[in-house]
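Engineer: Before I ask anything, let me first share the structure, which is written out below as C-alpha cells.
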Amino acid sequence: MNTPRKTLVVGNWKMHGSRPANAELLAGLLAARPYTADVAVCVPFVYLSETAATLASSDIRWGSQDVSAHAQGAYTGEVSAGMLAELGCRYAIVGHSERRAYHAESDEIVAAKAQAALAKGVTPVVCVGETLAEREAGQTEAVVKRQLSAVIHTLAHCAAEMVVAYEPVWAIGTGRTASPEQAQSVHAVLRAQLQAATGHGAAMRILYGGSVKPDNAASLFAQPDIDGGLIGGAALKAADFVAICRA
Ligand code: PGA
C-alpha cells in the first residue's frame, strides 16, 4: 500500500527575472490560491529576500537553484545552505543538468551539495537525467541510477528527506517532453532504488521536469510514480504555472 504523496510543483526560474517581472509573477501566483498541490518557486539568489518577503504570509514556498557544498569560508561567489536557511528557503535545487554541464558538477559534488542543504534543514531537489546520446545508447537506467546512488550513499539515513527530479536532458527547454510512459518507467526505477536504499521510497516525491506545459502536465502527473514537476520555461508566466499547479 503506497503512502499518499502530495503533488509538488516547483518553478525553476533559471537566470530569468527582474524586480518588476518577479512582482507581477508572484502576484499572479498569490492571486490564484488556494492550490491543492504544494507549490514552490526557485529563484536567482539575489531575488530570494524579496521573494521571501512577498510570499511570507502564504503557503507558497521558495528556494534556490544551487547551494555550496561548503558550510562557509573562502569560496568567492558561493552561497551556503546556512544563508539559504536564514532566508527561509525550503528547497535548493542541486545537480541540475545545466550545472552538471556548464559547471562540471560531478555526482560527488552534487551529493555533497545535497548533504550541505539537508544539514541546514533545506530540502534538496536532486536532479538526475540522461542525455539524448545516453538514451539512444540504452544507458538511461544506468545513468540515472548512478547519479542517484551517489547522493543516496552520501546522505545515508537522511536520503529519505530529499526530493528527486527526473529531467531527461533532451527534454529540457526543447519542447520535446518525455511521454508519460517514458517518464513513468524511469520514475518506477528510481522509486525502486529509493525504496531499496532507504525503506521509504513509497513516501518520497519524484518530480518530472523537461518541457512540462499546461497541456501535458495532467497526463504526466497522472502516472503512478510522478509526483509533480520541476518547471522551467512555463514557470515564468503566472497563467501557465498556475495551470500546471492545478493539473
Ligand atoms: P523546461 O526546464 O521546463 O524549460 O524544459 C525544466 C528545468 O530545466 O528544470
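Derivation of every value follows stated rules applied to the coordinates shown; laboratory data play no part. Predicted model, so just to flag it, every value in this text is computed and none were measured. A quick note on method: Cβ atoms are made from the backbone with ideal geometry, for glycine too, and the neighbour counts reach across all protein chains shown.
Engineer: What residues qualify as long-range amide H neighbours of ARG61, i.e. H under 5 Å apart, gap of 5 or more or another chain, H built at 1.01 Å from N?
Structural biologist: So ARG61 has HN proximity to VAL39, ALA40, VAL41.
Engineer: Which ordering of PHE221, PHE45 is given by a fewest-first count of other beta-carbon atoms within 10 Å? Present the calculation step by step, with values, prior to reporting the outcome.
Structural biologist: On the way: PHE221 20, PHE45 16.
Fewest to most other Cβ atoms nearby, the residues stand as PHE45, PHE221.
Engineer: In whole angstrom, how far apart do the alpha carbon centroids of the range 233-247 and the range 161-202 sit?
Structural biologist: 21
Engineer: Let me ask something else about it. Give the residue from PRO44, ASN12, ALA243 lying farthest towards the positive end of the charge dipole for the chain; charges sit on Cβ (+1 for Lys and Arg, -1 for Asp and Glu) and the dipole is referred to the Cα centre.
Structural biologist: Projecting each Cα onto the dipole axis, the largest value belongs to ALA243.
Engineer: Each residue of the range 31-38 in turn: what ³J(HN,Hα) in whole Hz from Karplus with 6.51, -1.76, 1.60 and θ = phi - 60°, glycine and Pro shown as x?
Structural biologist: 5, 8, 5, x, 10, 7, 7, 6
Engineer: What fraction, in whole percent, of alpha-carbon pairs in the range 182-247 exceed 19 Å separation?
Structural biologist: On the way: 736 of 2145 pairs.
The calculated P(r) of the range 182-247 puts 34 percent of pairs beyond 19 Å.
Engineer: To continue, here is another question. How do LEU87, LEU194 line up, fewest other C-beta atoms within 10 Å first? Intermediate values should be presented prior to the final figure.
Structural biologist: Numbers: LEU87 17, LEU194 22.
Final ranking by Cβ density, sparse to dense: LEU87, LEU194.
Engineer: Work out the length of the dipole vector of the chain about its Cα centre, built from +1 on the beta-carbon of each Lys and Arg and -1 on the beta-carbon of each Asp and Glu, and round it to the nearest 20 debye.
Structural biologist: With Lys and Arg at +1 and Asp and Glu at -1, about 360 debye.
Engineer: While we're on this one: How would GLU130, GLU78, GLU167 line up from fewest to most surrounding beta-carbon atoms within 10 angstrom?
Structural biologist: Exposure proxy ranking, most exposed first: GLU78, GLU130, GLU167.
Engineer: In terms of modelled amide H atoms, which long-range or inter-chain residues lie less than 5 Å from the amide H of ALA165?
Structural biologist: VAL126, CYS127, VAL128, LEU207
Engineer: Run through all the Cα pairs of the chain and give the fraction in each 5 Å bin from 0, expressed as whole percent.
Structural biologist: 1, 7, 15, 20, 21, 18, 12, 6, 1, 0
Engineer: Moving on to the next point. Can you compute 3J(HN,Hα) from phi for each residue in the range 100-114, using the Karplus curve 6.51 cos²θ - 1.76 cosθ + 1.60 with θ = phi - 60°, rounded to whole Hz and x for Gly and Pro?
Structural biologist: The phi angles translate into 4, 7, 8, 10, 6, 7, 7, 4, 5, 5, 4, 5, 5, 5, 4 Hz.
Engineer: Which number comes out as Rg/Rh for the range 150-204 once both Rg and the Kirkwood Rh are worked out on C-alpha atoms?
Structural biologist: 1.04
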